[in-house]
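Computed from the coordinates by the stated procedures, all read-outs in this text should not be read as laboratory data. Everything numeric here is computed off the predicted structure, so don't read it as measured data. When we count neighbours, we look across all protein chains shown, and the Cβ atoms used for this are built from the backbone with ideal geometry, even at glycine.
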Amino acid sequence: MSKILEVENLATYFHTFKGVVKSVDRISFSMEEGEVLGVVGESGGGKSVTGFSIIRLIDPPGEITADYVLFDGENLMEKSEKEMNQIRGDKITMIFQDPMTSLNPVYTIERQIAEVLKLHQPGITKAQCRARGIELLKEVGIPNAEERIKCYPHQFSGGMRQRVVIAIALAGSPKLIIADEPTTALDVTIQAQVLQLMKRLVSEKGCALMLITHDLAVVSEITDRVNVMYCGHIVESAPTRELIEKPLHPYTRGLLASIPGSGAVREDERLEVIPGMVPNMFDLPKGCKFAPRCAACMEVCREREPETITVSPGRQVACHLCGKGEEDA
């Protein structure tokens, strides 16, 4: 299986009057064709900015740099804005966090799907747009699609609006879908339905999916691999099952231990919490960014930022404990 995305030393800095915010700080990772990659961590870790940076949706005062961002063998960092507009929404699509703010409230669903189709297929007719729109709504499980396509966003429930957003994301011919917290605003039952829908569509269409979320329980359901992010860094990357069964980084362990019913704690024990807060991005600590909250912190952690090391094939971690061969510490 070949790589669909290769990212090397991606950095996104925001230059503000208070200082520089390093939202994403020199991260590297890749994705295979058909792979589902989870990107997890607390708010402020750089997850969403990573997704926006890949498709260059960052405006000043933000600045994106990278050695390269290879998509399907082409470096997106070298593309013009006109070329990126042809790639966005067609080859790479994004599902945003809140479907109600992603959809235009004064346009019908038909018009919003047609907008994408016309942008990437200039010769398409109105009848073809309508037929394709109905087909897409059926694909994502919206009943009575022939009538519902004439409706406005407010006439759909939250779960159905999210299905519409997924349908729009599939309107082109995507090889990569970036889903930014796609189930945050949904109840548990609808959340499960949407996740299963996305898993099925990715499998049927053979496209890759980057699922950005703060919820490791969600990630454990449908992903093949996981990148754990903290303060703009990828602190651990591993196949999902390996990461769930044997997390290496103390931050990953803390996230897993805080999930009810995860097996990380016994039924008669209280859930663990990670002490403290994510540090101020204008005043990041020296050395390991997680050191002030880490129970296993050593002196070297406060002085020197850990390097990312490969501990086994396909598994990397940035932690001084693992660097000293103390994976089970």
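In units of the rule-of-thumb radius 2.2 N^0.38 Å, region 101-172 shows an alpha carbon radius of gyration of 0.98.
If both residues of a DSSP beta bridge must be in the chain, then about 60% of such bridges are antiparallel. Cross-linked pairs K138/K199; K18/K47; K22/K286: Cα-Cα separations exceed 19 Å for K18/K47.
Once you've got the Cα coordinates, tell me which of K150/K205; K3/K79; K91/K205 are over 24 Å apart. With Cα atoms farther than 24 Å apart: K150/K205. To the nearest ten degrees, helix 109-120 and the longest principal axis of the Cα atoms of the chain are 80 degrees apart. As a size descriptor, the averaged projected area of the C-alpha convex hull of region 16-173 was calculated at 11.4 nm². The calculated pair-distance distribution of the chain uses every alpha carbon pair, bins of 20 angstrom beginning at 0, and gives 30, 56, 14, 0 percent. Rounded to the nearest 20 debye, the dipole magnitude of region 101-172 is 80 debye, with +1 charges on Lys and Arg beta carbons, -1 on Asp and Glu beta carbons, and the Cα centre as origin.
Taking a straight Cα-Cα cut-off under 19 Å and skipping sequence neighbours fewer than 8 places away in the same chain, the aspartates and glutamates within cross-link reach of K82 are D59, E63, D72, E74, D90, E115.
Among the GluC sites (Glu not before Pro) within region 76-118, not one is in coil by DSSP while having at most 14 neighbouring Cβ atoms inside 10 Å. Between the listed residues L197, G34, A127, the Cα displaced farthest toward the positive end of the dipole of the chain, a dipole computed from Cβ unit charges relative to the Cα centre, is found at A127.
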